[in-house]
Amino acid sequence: MLKIYNTFNKQKEEFQPINPEKVGMYVCGMTVYDYCHIGHARVLVMFDVITRHLRRHFTQVEYVRNITDIDDKIIKRAVKNKEDIYSLTNRFIDAMHEDELALGILPPDIEPRATGAIDQIFYMIESLIEKDIAYQCKNGDIYYSVRKFKNYGKLSGKNLDELEAGIRIEVETSKQDPLDFVLWKMAKPNEPSWQSPWGNGRPGWHIECSAMSCTHLGKHFDIHGGGIDLAFPHHENEIAQSEGANNSTFANIWMHVGFVNINNEKMSKSLNNFFTIRGVLENYNGETIRYFIMSSHYRSPLNFSNENLDNAKASLTRLYTAIRGLSASKAATTEVSQRFDYEERLTAALDDDFNTPIALSLLFELAKVVNVERKKDIDLANALGQLLKKLGSHIGILQTNADEFLKQGVSLSNIQIDNKIKQRNKARKNKNFCTTPWLTERHGYDPTKAGIVLEDGISATTWRRK
RNA sequence: GGCCGGAUAGCAAAGCGGUUAUGCAGGGGCCUGCAAAGCCUUACAGACCAGUUCGACUCUGGUUCCGGCCUCCA
């Protein structure tokens, strides 16, 4: 039984899809005016884990993740770069897809763009105006009248009067209420714009998600997700727009991924303390970053540091070391996976609001069994190794070749290393330890300087990166 | 100021009203020419103060500290 924490009700709830055959999930994606940072990576990775797990339970899962490719920051950046907005956004969309590939993230089923949803946005705004929930200001902008939606603030636990009390004084005074938010903005000269029934302009930020989720998943769907910072006002506004326009419940479950922190403080573009995914990829591979993200629960804060990434790397090294050199088993893997209940327990861990730390701990338990069986029953070890890889596949790790993982990032070529090892083993055979190249640290060991660790096996010497 | 979270061993991070989380690092041992890897074993927890309970890291109340949202943000 899958349980998911629902931000809306502040508790874990049993997940019952509206249509038992098909689960619909909408996740707020990126605004593409810059490279994705590690905070974005966390949302991308976690919803990838969530989607993978949902697919194991339900025959059909429709995962929609949008791209915001029109907004103030994009326009500003395009002007600064003297670049067309589409050339800018396409560049960063491509970069995002590259980053996702490196992190082992499967593409969403549908990746709609705001600029591709203009007609649906018109339709929704029109419907809100008809119902007198939205209005046009003197300057032509269309606003949503927050006081007309009785449940406003329910998701984020805000109260309209309290919000009103703490509001900042705005320059814009044509709004009926300072809390009203924009649905359609009139274009300023030289800004990208679309012709609308209300004049030339562009959509406000919140309306696109209401329009796109409705188009692809319908008025009422199962899961809506995003980063926790989107809960207010973005998701609150989405609920107001969608439920106001459609007279229907919007999403059943709201899922929010916690922040990535730097020195226990939020990482964000606004604070300018962020690390881009591609920047981190220069020092750590994508799987290590993915492991680091999965090593804490998705709702907890996650502190970004090299130490934590090193931990993740060491953990993955242990898992890959366990499966290294194992081959396909003669023993029936299904029979073995029934005899050992790791897959069942992994499923149970993920069923409990996607508890990835528990899921990972199970991989280590299994790795230990593999290591023990290796010396006793190699065929069983092979089968368990297969099982370990299979469990890894459920959360998107352990799918590269173990040797490849354990040897990557070393500057010497395989031939150079093999030659050194041959020389060394010749000397070892003659017990000529002290004059041998590449001995141990205490004998003037130098492979570590090349980032290499040697391992003298019974039949051969192997190596891996340090 | 209003509304939310959090505080777990050297580091990271979970579950759980009583029983080993897990990974890295540490101690002892096995294995090894020396190592590495692996295995066995071991130490080190639950911010603070009360309360509930036969029993609390786990529940309740309070205190302190930290973070987030209330404005664009994943």
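See the values below:
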item: Under the Debye formula (equal points on every Cα, no solvent term), log10 I(q)/I(0) of chain A at q = 0.09 Å⁻¹; result: -0.70
item: Intensity falloff of the stretch A:318-405 expressed as log10 I(q)/I(0), Debye formula with alpha-carbon point scatterers, at q = 0.11, 0.12, 0.21 Å⁻¹; result: -0.26, -0.32, -0.96
item: Net charge contributed by nearby residues that have their C-beta within less than 14 Å of A:Glu21 (K/R +1, D/E -1); result: 0
item: Ellipticity estimate at 222 nm from DSSP helix runs (n ≥ 4, -39,500 (n - 2.57)) divided over chain A, nearest 500; result: -13500 deg cm²/dmol
item: Counting all C-alpha pairs of the stretch A:297-366, share separated by more than 17 Å (%); result: 59 percent
item: Amide proton proximity set for A:Ile253, modelled H, under 5 Å, gap of 5+; result: A:Ile223, A:His224
item: Compactness of the stretch A:20-138, expressed as Rg and Dmax over alpha-carbon positions, Å; result: 17.1, 53
item: Cβ-Cβ FRET estimate between A:Lys154 and A:Ser459, R0 fixed at 51 Å, reported to 0.05; result: 0.15
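Values quoted throughout were computed directly from the atomic coordinates according to the rules given, and no laboratory measurement underlies them. None of the values given here were measured: they were computed from a predicted structure. We place every Cβ from the backbone using ideal geometry, glycine too, and count neighbours over all the protein chains shown.
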